[in-house]
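**Student:** Dropping a structure here in structure tokens format, bear with me for questions.
Please treat every number below as a calculation from the coordinates, not as lab data. Given the structure is predicted, the values throughout are model-derived calculations rather than measurements. Every residue, glycine as well, gets a Cβ built from its backbone with ideal geometry; the counts of neighbours run over all protein chains shown.
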Amino acid sequence: MPLYQLDNNKVADFSADYFLNGVLVTNADSVIVYVNAYFKKELHWHCNELIGKYIDKILTKSSKIFLQSYVLPTLIHEKKCQEMQLIMLSAQGERIAVTVNAQLDEKGYIYWSFFNATQRDKLYDELIKTREKLEAQTERLQSLASTDELTSLLNRREMDYRSVLLLEQAKRTHRSVALLVIDIDDFKQINDTYGHLQGDRVLKELGECLKKISRQTDLVARYGGEEFLIMLPDTHSADTLIFCQRLHQLIAEIKVGSEGLTVSIGACMSDSNSTFTELFKHADNAVYQAKANGKNTTYMHP
């Protein structure tokens with residue numbers, strides 16, 4: 001036990017036994033030659049159970065491997081290592097996470113100090129769980145901000161944003177884009193006859209139908225009320241009309257009472273100078289023309 005003479009002739013004891021962390025010393029053969037009182041107080045090891053034993057006695061299997069493969073080579077090369085994570089065993093076999101600092105002297109003795117990191121690991125776990133929870137909430141908020149709650153399609157704001165990007169890309173690649181405005185025929189009558197719950201069911205099934213028929217690169221949105229939009233990149237007018245024919249057939253499988261659902265579709269094609277506002281105006285006017293032509297049909301803006 002180290003004793004030191006003070007100026008007033010008193011003697012002070014600065015033993016490592018008073019520290020709140022563990023201290024041990026191993027020789028060049030990794031045999032323990034000193035442990036402080038922390039081992040008895042906190043880990044329940046008696047001094048004579050450890051002195052003369054290999055340090056492996058107090059480490060888990062994985063920590064033994066880490067000690068041999070990384071910690072000891074680091075000490076030989078750099079003479080010290082800091083904040084190494086090991087799992088230590090108490091006398092009862094309890095596994096305890098510890099953070100270790102160690103220093104190697106010229107005679108091969110290694111001076112180890114460590115502190116219990118169990119609470120810190122719990123804090124890290126809590127922080128990780130909190131971060132994952134916040135990320136999930138953020139993802140959900142982003143989804144709610146960009147999609148229609150009833151149909152899970154893009155909402156109007158997200159469609160306005162993404163359509164601009166898609167048109168810019170089409171201009172750079174000199175590809176044409178088709179815009180479809182799809183409006184349910186006589187939707188007010190459906191609500192009045194069958195109720196709003198049935199109206200919501202029709203909207204939801206139509207949304208699922210549009211997602212089913214569309215490609216991953218297409219933009220599909222519920223733009224408001226019973227009006228839906230599909231933007232088809234890299235598509236020509238002939239392919240657009242074929243797509244609309246298939247769309248009418250699939251939508252007719254959605255039943256309203258004993259009848260199949262019908263929609264009117266207005267379509268238009270982009271050119272090198274098209275903006276989304278202009279395209280929407282053309283497609284929207286085309287819907288009115290499709291309605292005027294008897295509904296359940298497609299009209300292509302000239």
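**Student:** Using only Cα atoms and rounding to the nearest 10 degrees, what angle (0 to 90) does helix 196-213 make with the longest principal axis of the chain?
**Tutor:** The helix 196-213 is inclined about 80 degrees to the chain.
**Student:** Next up: Check cross-link reach from residue 64 to the lysines: straight Cα distance under 30 Å, and skip same-chain residues fewer than eight apart.
**Tutor:** 40, 41, 53, 79, 80, 107, 122, 129
**Student:** Continuing with this model, one more query. Please list, by residue number, every one of the trypsin sites (Lys or Arg not before Pro) in the stretch 87-171 that is coil in DSSP and has at most 14 other beta-carbon atoms within 10 Å.
**Tutor:** 107
**Student:** Also: Top mean-square fluctuation among 105, 183, 271, Gaussian network model of the chain, C-alpha springs under 10 Å?
**Tutor:** 105
**Student:** Label the stretch 129-206 by shape, choosing from rounded, prolate and oblate, from the square roots a ≥ b ≥ c of the eigenvalues of the Cα gyration tensor; if a/c is under 1.5 it is rounded, and otherwise prolate applies when a/b is larger than b/c, oblate when it is not. All intermediate terms of the calculation are to be shown ahead of the outcome.
**Tutor:** On the way: a/c = 4.08, a/b = 1.14, b/c = 3.59.
Verdict is oblate for the stretch 129-206.
**Student:** Compute the angle between helix 276-292 and the longest alpha-carbon principal axis of the chain, please, reported from 0 to 90 degrees and rounded to the nearest 10.
**Tutor:** In the chain, helix 276-292 runs at an angle near 40 degrees to the longest axis.
**Student:** Continuing with the same structure: Looking at this model, which pairs from 212/255; 212/281; 255/291; 171/204; 204/255 are more than 23 angstrom apart at the alpha-carbon?
**Tutor:** Flagged as over cut-off: 212/281; 171/204.
**Student:** Related question: Across the stretch 29-38, in residue order, what do the Karplus-derived ³J(HN,Hα) couplings come to in whole Hz, using 6.51 cos²θ - 1.76 cosθ + 1.60 with θ = phi - 60° and x for Gly and Pro?
**Tutor:** Using θ = phi - 60°, the values come out as 9, 6, 9, 6, 10, 7, 9, 8, 5, 4 Hz.
**Student:** In whole Å, what are the Cα extents of the stretch 174-302 along the three principal axes, biggest one first?
**Tutor:** Per principal axis, max minus min of the Cα coordinates gives 46, 30, 23 Å.
**Student:** Compute a Gaussian network model of the chain, connecting alpha carbons closer than 10 Å, and tell me which residue from 245, 92, 142 fluctuates the most.
**Tutor:** Fluctuation is largest for 92.
**Student:** Related question: Which of 203, 250, 43 moves most in a GNM of the chain, Cα contacts under 10 Å?
**Tutor:** Its mean-square fluctuation being the largest, the pick is 43.
**Student:** When the Karplus curve 6.51 cos²θ - 1.76 cosθ + 1.60 is applied with θ = phi - 60°, which whole-Hz ³J(HN,Hα) does each residue of the stretch 82-90 get, with x for Gly and Pro?
**Tutor:** 9, 6, 7, 9, 10, 10, 9, 9, 7
**Student:** Provide the per-residue ³J(HN,Hα) series for the stretch 43-60, in order, calculated from phi with Karplus coefficients 6.51, -1.76, 1.60 and θ = phi - 60°, each as a whole number of Hz, with x at glycine and proline positions.
**Tutor:** 10, 6, 8, 7, 4, 6, 7, 10, 4, x, 9, 5, 5, 4, 4, 9, 10, 6
**Student:** A further question on this structure: Assuming R0 = 25 Å, can you tell me the calculated FRET efficiency for the pair residue 255 and residue 289, based on Cβ-Cβ distance, to the nearest 0.05?
**Tutor:** For residue 255 and residue 289, the calculated efficiency is 0.35.
**Student:** Could you give the radius of gyration (one decimal) and Dmax (whole number) of the Cα atoms in the stretch 238-302, in Å?
**Tutor:** Computed over the Cα atoms of the stretch 238-302, radius of gyration and Dmax are 13.1, 45 Å.
**Student:** In 10 Å bins starting at 0, how do the alpha-carbon pair distances of the chain split up by percent?
**Tutor:** Here the calculated profile for the chain is 5, 20, 17, 8, 5, 7, 12, 13, 8, 3, 1, 0.
**Student:** Can you tell me the 0 to 90 degree angle between the C-alpha axis of helix 118-146 and the longest principal axis of the chain, rounded to 10?
**Tutor:** Its long axis makes an angle of about 10 degrees.
**Student:** On to the next question. Using the alpha-carbon centroid of each, what span in Å lies between the stretch 166-218 and the stretch 122-164?
**Tutor:** 23
**Student:** Give the residues of the stretch 107-121 whose amide nitrogen is closer than 12 Å to a point set 7 Å from the Cα of residue 60 in the direction of its Cβ.
**Tutor:** 118
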